[in-house]
Structure formats: structure tokens, C-alpha cells
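First up is the structure itself, then whatever we jot down about it.
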Amino acid sequence: MSDGVRTEMRGAVGVVTLDRPKALNALNLEMCRRLLPQLQAWRADPAVKAVVVRGAGGRAFCAGGDVRAVAASMAEPRPADAERLSREFFRAEYTLNHLIHHFGKPYISLVDGVCMGGGLGLSLHGAYRVVTEKLVLAMPETGIGLFPDVGGGWFLPRFPGESGTYLGLTGARCSAADAMWLGYGTHFVESARLETVLEALVGAEWGEGLASAVVEQVLKGFHADAGTSVLATQHVAMDRCFAAERVEDIQQALEAEGTAWAQETWATLVRMCPTSLKVTLRQLRMGRTRDYDEMLSVEYRLSQSMTARADFREGIRAVLVDKDHKPRWHPGTLGDVSEADVEACFASPAGDELVLSRS
Ligand code: QUE
């Protein structure tokens, strides 16, 4: 039984293969529970010089968290232990993100194909992200009534200018060139050469020196030009329109902008969950000045309040179950989402905080 994850040692390299290809390797609780102790053991073992993470099946690195299972557990009428999967899944996922963030050894993600939401949580927090021409990168949670989690409140405000605000609110998809411009990608390698990259890492002479120097030497040998980033060409307009403190003002700025990009972006925003948009903008502004560990605690609170809302089940229905892509949000407009509604989503559930420390 692989439980959705295969792990093996190859020479001095620990290799993780996310192996749920039919679900685009979406991360479920069992996978988190397999990965946590394995990564902890590899981190503590001096014989392990580096960790490589990749996705099976050739289409995806990881499409996100298994939000469909969480939504199913929240179905009406609620079973007595309704919130349990939501609590345990987000706890396990964010604990894993935290471990990767503070891993302390070269952690190399080979991101070949779809990488969304939870997939960024498994890759971005490591030291190296090798991207390919097949990359499709996005934080699409506002489209399912959630918010950009797995540390998004920390990393999105640290992307250039307002690009993270744009990506977190709209769920826009990025290419490999965009990912390199953002700083998500550290290296671009043709998809067909990834197996050779892994072999080169496995065959490397690690010696007694810095493992990161060895990894960089190897990856440098495969790095190629990713081409032109479309996102980069929009960045002045993005900074102009997404700097506001209210989602309504961002929409107004897009209307005033008058370009095709601004019209498309406006049309995307009005389809997203209004409560998600307001919660997300507040989360991203908060994350500008908070550290990473603090933001994960904030996001844990948000995960519990947002998955308890009907918009989450409606978003999953519209995007992943019926696939009609016509969600009916409640409240249905930004104007109907009050400050108090937004504030309430940030409140901590009684006796259920996620407190993570460096270890
Ligand atoms: C937002 C998300 C996710 C999403 C779509 C969104 C997400 C996720 C998946 C997904 C996609 C394909 C699968 C699957 C899950 O889609 O987190 O099992 O086969 O996992 O708009 O956050």
C-alpha cells in the first residue's frame, strides 16, 4: 500500500513521490500522516544529504489539498464528529508546511505540471523548486469559498509588488516563466530531463562540505531559459490596481484601467466568493508584517471558519463535483459582506489553536 505516497532512499537522497495520479496527487490526510514522520526521520539522519519531492503520472505535482473529502465530511445533516476531518487535515497539512519551511537540508521539488494550493505548500517552503514547461501554478481557493492558505498569507505578500495580491484574489494561473519571475521557480529544466536531474543528484559526490553547494552545482548544469513572463509585462498595471485596502476599490481601479487585461481580471473577480475575497485581502495585508509561524496560526483559524461556511460546500460542488462553474454564493455581493462577517472568520475556535514552534 502506498497510501498515496511512495518514499525511498537513492544513495544519499530521500525521494518522495506523491502517488495519487487520478486525483492529480491532491494531498489527503493519509499522505500528510505518512510524510510527516518520514521527513522528520530524514531530517535527523546525517546520511540523508537532500530530499527530492515529485508527482507521479506526468500531469501534476499536486493539485492541492483533498478539499473534496473535507467538504463531504461537512455535508448536511452534520454527523456528530463533523469538524474532525477539517481539524485534523488542516492541522496535519500546515504542520507539514511548517516542517518543510524550517527543514534545514536541501529540499528539492520537481514541479512538472499542475501545482495549486496545497502543492505550493509542499514545494515553495523548500529551498529549491525546479519548474518545467508543463507547470501550471495557481492559488485558486477564492473560487471554492476558501482563501489562499498553506502559508499564502506569508508568501504572497513577498512576491514582487502586488503580484501576490493579484494571484491570491483572482486565482490566476502562472506559467514556468511567470513562476521564475515571481521567485517561486529557482531553476527551469525541460520536463524530459527531470529523470536525469534526479540521477545526477543521486550520483553526486556529497563529501563533507555544504550539501546546498552540491545541489546548486548539479541544478546549474540543467538550468535553461524559461522564456518571457506574461505576468511580468502586467506588473505595473497590477501594482496600480491591486494596492488598495478594499476589494471594492480594486474592482473600481480595474474598471478605470480600461485595458483588456483589466476587464478580464474584473470579470474573474466578480465570479469569486465575495466573503473569500474580503477575508483574503485582509489576510494578505496582515501577512505583510507577520512572520511565517504566526500566519500559519491565523490560517488555521481561517481554515476552520471557512470550511464551516456553506460557500465552501457550494464552491466544491460547482468546481469539483458538478463542474458547472456556476456557484451561488451567500452573501452574493461584496456589499453584503460586512466587516463583522470578515472579522468573525478570523476568530479562534474555542480551545483549538495551531501553535507551531521551530524545532
Ligand atoms: C481550488 C482548490 C483546489 C481545486 C480547485 C480550486 C484544490 C484541489 C483541487 C483538485 C483538483 C483535481 C483533483 C482533486 C482536487 O482543485 O485544493 O482531487 O483531482 O485539491 O479551485 O483549492
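Greater than 25 Å separation of Cα atoms is the criterion. Which listed pairs, 22/278; 22/134; 22/323; 49/134; 134/278; 105/278, meet it? Working shown, then result.
Values: 22/278 33 Å; 22/134 17 Å; 22/323 17 Å; 49/134 28 Å; 134/278 32 Å; 105/278 37 Å.
As for pairs spanning more than 25 Å Cα to Cα, those are 22/278; 49/134; 134/278; 105/278.
Per-residue ellipticity at 222 nm for the chain, helices alone: DSSP H runs ≥ 4 residues times -39500 (n - 2.57), over residue total, nearest 500 deg cm²/dmol?
Numbers: 17 runs with 161 residues, N = 359.
The per-residue figure over the chain is -13000 deg cm²/dmol.
For residue 326 and residue 339 in the same chain, what is the full-extension length gain: residue separation times 0.36 nm, less their Cα-Cα distance, in nm?
Computed gain between residue 326 and residue 339 is 2.1 nm.
What are the extents of the Cα atoms of the stretch 176-312 along their three principal axes, in Å, largest first?
Each principal axis gives a Cα extent; for the stretch 176-312 these are 55, 37, 28 Å.
For a quick protection proxy, order the peptides 194-207, 45-58, 84-97, 125-138 by their average other-Cβ count within 10 Å, most packed first.
Highest to lowest by the protection proxy: 125-138, 84-97, 45-58, 194-207.
Of the options 338, 211, 164, report the single residue whose Cα projects farthest towards the positive end of the charge dipole of the chain (beta-carbon charges: Lys, Arg +1; Asp, Glu -1).
Farthest towards the positive pole: 211.
Averaging over every viewing direction, what projected area does the convex hull of the Cα atoms of the stretch 105-195 cover, in nm²?
Orientation-averaged projected area of the Cα hull: 5.5 nm².
How large is the dipole of the chain about the Cα centre if only Lys and Arg carry +1 and Asp and Glu carry -1, each at its Cβ, rounded to the nearest 20 debye?
Numbers: 38 positive and 45 negative charges, 119 e Å.
Using Cβ point charges on Lys, Arg, Asp and Glu, the chain gives about 580 debye.
Can you give the extra length, in nm with one decimal, that the chain gains between residue 352 and residue 236 once fully stretched, where that is 0.36 nm per residue apart less the Cα-Cα distance?
37.6 nm
When the chain is fully extended, how far beyond the present Cα-Cα distance does residue 243 get from residue 210, taking 0.36 nm per residue of separation?
Here the answer is 7.8 nm.
Any chance you could check the Cα centroid distance between the stretch 317-349 and the stretch 112-165 for me, in angstrom?
21
Which residue, 51, 100, 24, has the largest displacement toward the positive end of the dipole of the stretch 1-126 when charges sit on each Cβ (Lys, Arg +1; Asp, Glu -1)?
Positive-most Cα among the choices belongs to 51.
I need to check one value: relative contact order of the chain, counting alpha carbon pairs closer than 8 Å and at least 6 residues apart, in percent.
The value is 17 percent.
Once each part is reduced to its C-alpha centroid, what is the distance from the stretch 281-305 to the stretch 168-207 in angstrom?
27
Which order, highest average first, do 311-319, 140-148, 286-294 follow once you tally other Cβ atoms within 10 Å for each residue and take the mean per peptide?
140-148, 311-319, 286-294
Each label point is 7 Å from the Cα along the Cα-to-Cβ direction; what then is the distance between the points at residue 38 and residue 75, in nm?
3.0
Over the stretch 132-249, what is the mean sequence separation of C-alpha contacts under 8 Å (at least six apart), divided by residue count, expressed as relative contact order in percent?
Reported as a whole number, the value is 31 percent.
In debye, nearest 20, what is the charge dipole magnitude of the stretch 64-132 about its Cα centre with +1 on Lys and Arg Cβ and -1 on Asp and Glu Cβ, if you could check?
Values: 7 positive and 7 negative charges, 38 e Å.
The calculated dipole for the stretch 64-132 is roughly 180 debye.
Rounded to the nearest 20 debye, what is the charge dipole size of the stretch 239-347 about its Cα centre when +1 sits on each Lys and Arg Cβ and -1 on each Asp and Glu Cβ? All intermediate terms of the calculation are to be shown ahead of the outcome.
Numbers: 15 positive and 19 negative charges, 66 e Å.
Roughly 320 debye for the stretch 239-347.
Rounded to the nearest whole Å³, what is the per residue volume of the convex hull around the Cα atoms of the stretch 1-154? Intermediate results must be reported in sequence, preceding the final value.
On the way: hull volume 17.9 nm³, N = 154.
For the stretch 1-154, the hull spanned by Cα atoms encloses 116 Å³ per residue.
Computed from the coordinates by the stated procedures, all read-outs in this text should not be read as laboratory data. This one's a predicted model, so the numbers in the text were calculated from it and none came from an experiment. Using ideal geometry, Cβ is built from the backbone for each residue, glycine included, and neighbour counts are taken over all protein chains shown.
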